[in-house]
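The block underneath contains the structure these notes are about, expressed in C-alpha cells.
Since every read-out is calculated from the coordinates, none of them should be taken as a lab result. Since this is a predicted model, take the numbers as computed values, not measurements. Please note: Cβ atoms are built from the backbone with ideal geometry, for glycine as well, and neighbour counts cover all protein chains shown.
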Amino acid sequence: MKMSRGDIRTGEVAGDPPAGSKPRFGLARKIILFVAAVLLPLGAVTWTLSVWAIRESMTDEFTSKGTAIATGLAMVHEVALQLRGRAGSRGVENCSVGLVHNAGGWVADAPAAVTVHILRRP
C-alpha cells in the first residue's frame, strides 16, 4: 500500500519514516564512517609505532657504531669537527683538508664496498 497523503489509521504523514524503522545510511556514508572510525585511528597508531621503532633502532645503531655505515658517518662527523676547529683536545691545528676512508663487507680477501670522502674547509 502506497502512502501519498498519509495514513489516517496510523496517523502517519507522507514522508515520515515508518514507526520502529532504523535510519538508513547509503553506501557512501557507510564507507566514510568506516574510514573515520576504523582506518584513521589504525593508521595513526601504526604510524606512531613505526616512527618510534625507527627512532629507537637508528639511535641504538648510530650511537654504538656497530656497522660500517654508522662508523663512516661518525668518521665524516669527526673530520668536519676537525676542519671547523671544534674538535677540542682532539683537534689538529690549521688543518684545511680531511680524508675519510671506510670499507665494509668482504668478498674473498678484499673489501666488498669502499668509500673515500675528501673534505675541505669552506
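Between A74 and S96, the distance separating the two model label sites (each 7 Å from Cα on the Cα→Cβ line) works out to 3.1 nm. If the chain linking L40 and R86 were pulled fully straight, counting 0.36 nm for each residue of separation and taking away their Cα-Cα distance, it would gain 11.9 nm.
Each label point was placed 7 Å from the Cα along the Cα-to-Cβ direction; for L49 and I118 their separation is 5.0 nm.
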